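For reference, the structure is listed below as structure tokens.
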Amino acid sequence: MLNPKPVIIEEYNAEWPKAFKQIESAISDEMDDLVIRIEHVGSTSVPGLAAKPIIDIDVVIKSMDYLPKIIKKLDVLGYLHEGDLGIKNREAFARRDIYVPYSSEGNEKYEHHLYVCDEESEELNRHIIFRDTLKNNPLLVSEYANLKIKLSNKYTNNRKAYTEGKTEFVTKVMKEYVTPYTKGRLDD
């Protein structure tokens, strides 16, 4: 196996939301009316949260029936369709190079992960619920940041172990802090 990129956690960076906006704009300009919304999810979307400096983006579409058109439009921007990678109603896209999404400026774009989800996607709902729960609870942000730093120090060269180490925290947050209304949406 190739040497995976090490897990490096950085303090929150105010450039992350700006980088998301730049990527979001380039994608929106290409999508016409195929996209409902584009969500900044993951740790870089939570003010004050330490994170790997990689922007996570969920492009939300009404139905997976639109996916073939989305794949073609994202291909023009430089994205390669990778399939669902085992997660239903969430399609992953890789970047061809550091300039993706391509734009008239031809400038380098921030590192990011791009997913296309339909609005019924459980993974999309989890991303949004977890993000919004953290945004509304500074103590959880602090606890999660400390855990991520500890795990990245312990598992610098083992992304799988790093990710698995966060699972208990994420599960706890989803069980303890999610409102009954939201919890019902996840259980559907």
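The values are calculated or read from the model by the stated rules, or taken from the named source; none is laboratory data. As the structure is a prediction and not an experimental result, all values here were calculated from the model. Every residue, glycine among them, receives a Cβ derived from its backbone with ideal geometry; neighbour counts consider all protein chains shown.
Looking across the range 155-174, the residues that are in a helix (DSSP H, G or I), touching a residue at least 24 places away in the same chain (Cβ under 8 Å) and among the β-branched types (Val, Ile, Thr) come down to VAL170, VAL173.
Being in contact (Cβ under 8 Å) with a residue 24 or more places away in the chain, in contact with a helix residue (DSSP H, G or I) (Cβ under 9 Å, 6 or more places away or on another chain) and among the small types (Gly, Ala, Ser) is the requirement here; does GLY78 meet it? So GLY78 fails the test.
The set of residues in the range 62-90 being within 16 Å of the chain's Cα centre (by Cα), closer than 11 Å to CYS117 by Cα and charged (D, E, K, R) consists of ASP84, LYS88, ARG90.
Does PRO6 meet the test of being in contact (Cβ under 8 Å) with a residue 12 or more places away in the chain, within 17 Å of the chain's Cα centre (by Cα) and part of a loop (DSSP other than H, G, I, E, B)? Considered against the rule, which asks whether it is in contact (Cβ under 8 Å) with a residue 12 or more places away in the chain, within 17 Å of the chain's Cα centre (by Cα) and part of a loop (DSSP other than H, G, I, E, B), PRO6 comes out as no. Of the numbered criteria (1) in contact with a Leu (Cβ under 8 Å, 6 or more places away or on another chain); (2) at pLDDT 95 or above, the one GLY42 fails is (1).
Taking the criterion of being basic (Lys, Arg) and in contact with a Gly (Cβ under 8 Å, 6 or more places away or on another chain), the residues of the range 84-98 that qualify are ARG95, ARG96.
Residues that are under 17 Å from PHE130 (Cα atoms), in contact with an Asp or Glu (Cβ under 6 Å, 6 or more places away or on another chain) and not hydrophobic (A, V, I, L, M, F, W, C) within the range 43-72 comprise just one, ASP58.
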